[in-house]
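Visitor: Mind looking over this structure? Questions follow.
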Amino acid sequence: MTRSKVPHIALIGCGAIAEEYYLPALASLPEIMENLILVDENPSRLDKLSAKYPVRRKVRDYREVQNEADGVIIALPTGLHALVGVEFLSRGIPVLCEKPLAEDAARARILIEMAHQKETELVVNYLQRIIPHFAMVKQLLASKTFGSPLKMEYVIGEIFNWPTVSGFYFKSDPSTRGILRDRGAHAVDHICWWLGGKPTVISSCNDSFGGSEAVAHVEFERDSCKGKLVMSWFADVPCRFSIECEKATIEGEIYDYQKLIISENGRKREMIVESPIHTKLDVAREIASNFVAVIQKEERPLVCGSDVLESIEFTDEAYEKARLMNMPWYRFEEVQDVA
Amino acid sequence: MSPDTLTLVTGAGGFIGGWVAETLYLRGEPVRAGVHSWSGAARPARFCMDIVPCNIMNPAELDEAMQGVSQVIHCAKGSDESIAQGTQNVLEAAYRHGVQRFLHVSTTEVFGQQSGRIDETFPCQSMQDPYADNKIQAENVCWEYHSKGLPMVILRPPIVYGPFSKTFTVNLAYKLLAGNWGIFKGAADGLCNLIYISDLVDGILLAAKSDLAPGQVFILNGPEQPTWNEYFERFNDALDLPPLKVYESQGIGFKTRLMEPLRDSIKFARNRFERFIKLVAARQRQARRIMKFVETRMKTTPRVHDLKLYGRRATYLSGKARHMLGYQPVVDLEEGLQMSVQWLDQIGMRNFRYTKGAR
């Protein structure tokens, strides 16, 4: 495809992520918006979003755009990513898939393999890799500026308030849901990316009584580094990470995109990472324009499917090893029966 | 009520409703968890229970949620403005569907600023507080439906704490961990009528089963009534924090009055310009620092309403519930705080030390 042709992109799935993230980002690319096709089985969602964002057309079945789209953005419930993604990849159509790429590593491999076979691109929205302070941590660890990492702590605590339209998080197959699979996709990806590969899960526990977990703890290890991931959907607590290396400790707040705190020789200093990326929308615009350039064969994907496979394997392992947390506030005999 | 009674719990994504729904589920009793929206379903969704959207301001959702239900435990609160109207909507749907018992979770705040030893014979009294006033109005609507033939039980708990409590556990822990909270001499020597959540749930479920309950109001209180200052101190100890600072009542009163207009202005600005404020915070480091500082100060300064509560010298008596329902609270403050802190640890609240102004 040449630069002269503006690609026709189909946005499949018109739920909250399309409304809050993809459409505002695509709106900064007027030519793309003019040729955008919205796809959703729910006509009221199509009407609502097309009223706000004038698009080329709207359809209810993604199969209608298979011969028309030059690229597709999959913003569907996780359980549908592999199913729909394969259909487009098998036709050689580039795909930008929302995180998590798939509900497990087996399905993620199918998508990656299909993209490889058909020599097309599978781009994934693991947006946090391009957030400046996360990228700086990667750089500091990869260059061993402060020596090897020895200890890592990562805490995410935020009240679940995503305006999910379908509620798929909470009513589909338990294998597709929970904080570790959802919000954890970014955290686990950071951990694997920063450490240069998948750590081994030492222990894992969560609060699932058969449904989707809202609290998860995972302890892990890779080479000389031991770490702990703590995640919760129940209260807004400081979301931070801390990495103790041989010569210094790197700390950061998850939502302060440009600042790290370096503790070295008993002294703390701020490291400001200058970047034009300040907000999630800035990141979304980067992802969207990269995808357009990928379709036009002008750029490589910022993050592709195979980049995140290990993080999905890590998540699978954490689920496999998970036990029920100790929750003494529930009466033991009652919990035992259910668990 | 028969063991097959299907109970709809409204507000099942919230603190009390979540506990009621979970307890019924863990006891193997048929329960339907009504949530305000799917985004509020994270808590009940941990169990394989029946969850339905049940916005109390949406009659169509209520109608759907009420299918096959014999009993309603109404814990949803909504905004101050929707308490009374929302309750009326739930009552109407329950009435039309022939529900056999309706339990309305109210609050001892309906007694207003009355002091002394208070039981169910005391009248409700307005204190010009939107939450309490709307709760009084909601109770009045409940009695209207009771007289129409919907069997009603009203439950009035005081200060409910424990795992999943936002107001009296998470928010207070935040204030304590931030290091800006303290002992407010002369301003928080009123009685803190604390009930641990599982005791409250036991009381509610006893009322759900008792033949004597319909048509009655029950106060459900806990086994101990420390002063508010004692509660702050014991919570602080349970969190293993350094001793609290002591503030004189004049100083804290002045700070509270000073902060109140600022709080209102910030709330107003946030409601209208949230996107813009977030954008400024994201792009301007200095602005973000100032906003964080102000936010922490706001969250860790008592409000005028709080000081009224902290100074109130009232004991709410649950003798009627004890005699008629066999209600017996069993979790003392030490155990309740221990559970609360364990839960706070589990959700990551103490994994990093809070620093002043940082969050």
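The values are calculated or read from the model by the stated rules, or taken from the named source; none is laboratory data. Everything numeric in this text was worked out from a predicted model, so none of it was measured. Every residue, glycine as well, gets a Cβ built from its backbone with ideal geometry; the counts of neighbours run over all protein chains shown.
Visitor: Inspect the stretch B:8-26 for any residue being crowded, with 21+ Cβ neighbours inside 10 Å, within 12 Å of another protein chain (Cβ to nearest Cβ) and assigned to a strand (DSSP E or B) and give the result as yes or no.
Guide: No, the stretch B:8-26 contains no residue that is crowded, with 21+ Cβ neighbours inside 10 Å, within 12 Å of another protein chain (Cβ to nearest Cβ) and assigned to a strand (DSSP E or B).
Visitor: Looking only at strands (runs of 3 or more DSSP E) that lie completely in the stretch A:1-61, which have at least 1 residues being in contact (Cβ under 8 Å) with a residue 24 or more places away in the chain and within 27 Å of A:PHE160 (Cβ to Cβ)?
Guide: Fully inside the stretch A:1-61 and qualifying: A:9-12, A:37-39.
Visitor: Restricting to the stretch A:13-27, and then to whatever is among the aliphatic types (A, V, I, L, M) and under 17 Å from the mean Cα position of the chain (by Cα), can you tell me which residue is surrounded by the most Cβ atoms within 10 Å (Cβ to Cβ)?
Guide: A:ALA18
Visitor: Identify the residue in the stretch B:109-149 that is assigned to a loop (DSSP other than H, G, I, E, B), of a type in the set (Gly, Ala, Ser) and under 20 Å from the mean Cα position of the chain (by Cα) and, among all such residues, is farthest from B:VAL160 (Cα to Cα).
Guide: Only one residue tops the list, namely B:SER126.
Visitor: Kindly check whether there is at least one residue in the stretch A:307-322 that is in contact with a helix residue (DSSP H, G or I) (Cβ under 9 Å, 6 or more places away or on another chain) and part of a loop (DSSP other than H, G, I, E, B).
Guide: no
Yes/no per residue for (1) modelled with pLDDT of 95 or more; (2) touching a helix residue (DSSP H, G or I) at 6+ places or on another chain (Cβ under 8 Å); (3) β-branched (Val, Ile, Thr):
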{"site": "B:ASP4", "(1), (2), (3)": "no, no, no"}
{"site": "B:LEU8", "(1), (2), (3)": "yes, yes, no"}
{"site": "B:GLY18", "(1), (2), (3)": "yes, yes, no"}
{"site": "B:LEU26", "(1), (2), (3)": "no, yes, no"}
{"site": "B:HIS36", "(1), (2), (3)": "no, no, no"}
{"site": "B:SER39", "(1), (2), (3)": "no, no, no"}
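Visitor: Out of B:SER198, B:SER165, B:SER147, which single residue is free of Cβ contacts under 8 Å to residues at least 24 places away in the same chain and hydroxyl-bearing (Ser, Thr, Tyr)?
Guide: B:SER147
Visitor: Go through (1) in contact with a strand residue (DSSP E or B) (Cβ under 8 Å, 6 or more places away or on another chain); (2) of a type in the set (Asp, Glu); (3) modelled with pLDDT under 95 one by one and return the number of the condition B:ASP129 breaks.
Guide: Among (1) in contact with a strand residue (DSSP E or B) (Cβ under 8 Å, 6 or more places away or on another chain); (2) of a type in the set (Asp, Glu); (3) modelled with pLDDT under 95, B:ASP129 violates only (1).
Visitor: Within the stretch B:277-290, can you find the residues that are within 22 Å of A:VAL283 (Cβ to Cβ) and within 12 Å of another protein chain (Cβ to nearest Cβ)?
Guide: B:LYS278, B:LEU279, B:VAL280, B:ALA281, B:ALA282, B:ARG283, B:GLN284, B:ARG285, B:ALA287, B:ARG288
Visitor: Residues being closer than 18 Å to B:TRP19 by Cα and hydroxyl-bearing (Ser, Thr, Tyr): count how many of those fall in the stretch B:182-219.
Guide: Residues that pass the stated criteria total 2.
Visitor: Would you mind stating whether A:ILE37 is within 25 Å of the chain's Cα centre (by Cα) and within 22 Å of A:GLU286 (Cβ to Cβ)?
Guide: no
Visitor: Right, another one. Right, B:PHE168: assigned to a loop (DSSP other than H, G, I, E, B) and within 14 Å of another protein chain (Cβ to nearest Cβ) or not?
Guide: Against the criterion (assigned to a loop (DSSP other than H, G, I, E, B) and within 14 Å of another protein chain (Cβ to nearest Cβ)), B:PHE168 does not qualify.
Visitor: Out of all the residues in the stretch A:157-168, is one or more assigned to a strand (DSSP E or B) and either facing chain B (nearest Cβ under 10 Å) or surrounded by 22 or more Cβ atoms within 10 Å (Cβ to Cβ) (or both)?
Guide: Within the stretch A:157-168, one or more residues are assigned to a strand (DSSP E or B) and either facing chain B (nearest Cβ under 10 Å) or surrounded by 22 or more Cβ atoms within 10 Å (Cβ to Cβ) (or both).
Visitor: Across the stretch A:261-310, what is the total count of residues that are among the β-branched types (Val, Ile, Thr) and within 13 Å of another protein chain (Cβ to nearest Cβ)?
Guide: Counting residues in the stretch A:261-310 that are among the β-branched types (Val, Ile, Thr) and within 13 Å of another protein chain (Cβ to nearest Cβ) gives 6.
Visitor: Do the conditions hold for A:LYS259, that is, is it over 26 Å from A:GLU158 (Cα atoms) and out of contact with any Cys (no Cβ under 9 Å at 6 or more places or on another chain)?
Guide: So A:LYS259 does not fit the description; no.
Visitor: I'd like to check which strands (runs of 3 or more DSSP E) are fully inside the stretch B:178-263 and have at least 2 residues that are modelled with pLDDT under 95.
Guide: B:182-185, B:245-248
Visitor: If you take the residues of the stretch A:181-206 that are within 15 Å of A:LYS321 (Cα to Cα) and modelled with pLDDT of 95 or more, which of them is farthest from the other protein chains (Cβ to nearest Cβ)?
Guide: If we take residues in the stretch A:181-206 being within 15 Å of A:LYS321 (Cα to Cα) and modelled with pLDDT of 95 or more, then A:THR200 is farthest from the other protein chains (Cβ to nearest Cβ).
Visitor: Restricting to the stretch A:214-223, name every residue that is in contact (Cβ under 8 Å) with a residue 60 or more places away in the chain and either of a type in the set (S, T, N, Q) or within 13 Å of another protein chain (Cβ to nearest Cβ) (or both).
Guide: Within the stretch A:214-223, A:VAL215, A:ALA216, A:HIS217, A:VAL218 meet the criteria.
Visitor: Restricting to the stretch B:72-108, name every residue that is in a loop (DSSP other than H, G, I, E, B), under 18 Å from B:VAL52 (Cα atoms) and modelled with pLDDT of 95 or more.
Guide: Selection gives B:CYS75, B:ALA76, B:HIS97, B:VAL99.
Visitor: Return the residue satisfying two criteria in turn: it lies in the stretch B:34-65 and is part of a loop (DSSP other than H, G, I, E, B) and surrounded by fewer than 20 Cβ atoms within 10 Å (Cβ to Cβ), and of such residues it is farthest from the chain's Cα centre (by Cα).
Guide: B:CYS48
Visitor: Something else about it: Would the stretch B:265-275 turn up any residue that is touching a His at 6+ places or on another chain (Cβ under 7 Å) and within 14 Å of another protein chain (Cβ to nearest Cβ)?
Guide: No, there is no match, as no residue in the stretch B:265-275 is touching a His at 6+ places or on another chain (Cβ under 7 Å) and within 14 Å of another protein chain (Cβ to nearest Cβ).
Visitor: In the stretch A:199-207, is there at least one residue being buried (at least 22 other Cβ atoms within 10 Å of the Cβ), part of a loop (DSSP other than H, G, I, E, B), touching a residue at least 24 places away in the same chain (Cβ under 8 Å) and of a type in the set (Asp, Glu)?
Guide: Yes, there is a match, as at least one residue in the stretch A:199-207 is buried (at least 22 other Cβ atoms within 10 Å of the Cβ), part of a loop (DSSP other than H, G, I, E, B), touching a residue at least 24 places away in the same chain (Cβ under 8 Å) and of a type in the set (Asp, Glu).
Visitor: Another question, then. Out of the stretch A:290-328, which residues are aromatic (Phe, Trp, Tyr) and over 15 Å from A:ALA185 (Cβ atoms)?
Guide: The answer is A:PHE291, and nothing else.
Visitor: Would you be able to tell me the number of residues in the stretch A:121-164 that are more than 30 Å from B:SER39 (Cα to Cα) and among the hydrophobic types (A, V, I, L, M, F, W, C)?
Guide: The number of residues fulfilling the criteria is 9.
Visitor: Can you spot a residue in the stretch B:111-118 that is of a type outside the set (D, E, K, R), surrounded by 23 or more Cβ atoms within 10 Å (Cβ to Cβ) and at pLDDT 95 or above?
Guide: yes
Visitor: Need the failing condition index for B:SER318 against (1) away from chain A (no Cβ under 14 Å); (2) surrounded by fewer than 17 Cβ atoms within 10 Å (Cβ to Cβ); (3) not basic (Lys, Arg), just the number.
Guide: (2)
Visitor: Consider the stretch B:85-108. How many of its residues are of a type in the set (Phe, Trp, Tyr) and either crowded, with 18+ Cβ neighbours inside 10 Å or under 19 Å from the mean Cα position of the chain (by Cα) (or both)?
Guide: Count: 1.
Visitor: Out of A:LEU23, A:LEU11, A:LEU29, report the one residue that is in contact with a Lys or Arg (Cβ under 9 Å, 6 or more places away or on another chain) and at pLDDT 95 or above.
Guide: Just one listed residue meets the conditions, A:LEU23.
Visitor: Also, I was wondering about something else. So which residues in the stretch A:226-260 are assigned to a strand (DSSP E or B), surrounded by fewer than 21 Cβ atoms within 10 Å (Cβ to Cβ) and more than 10 Å from chain B (Cβ to nearest Cβ)?
Guide: A:LYS226, A:GLU244, A:ALA248, A:THR249
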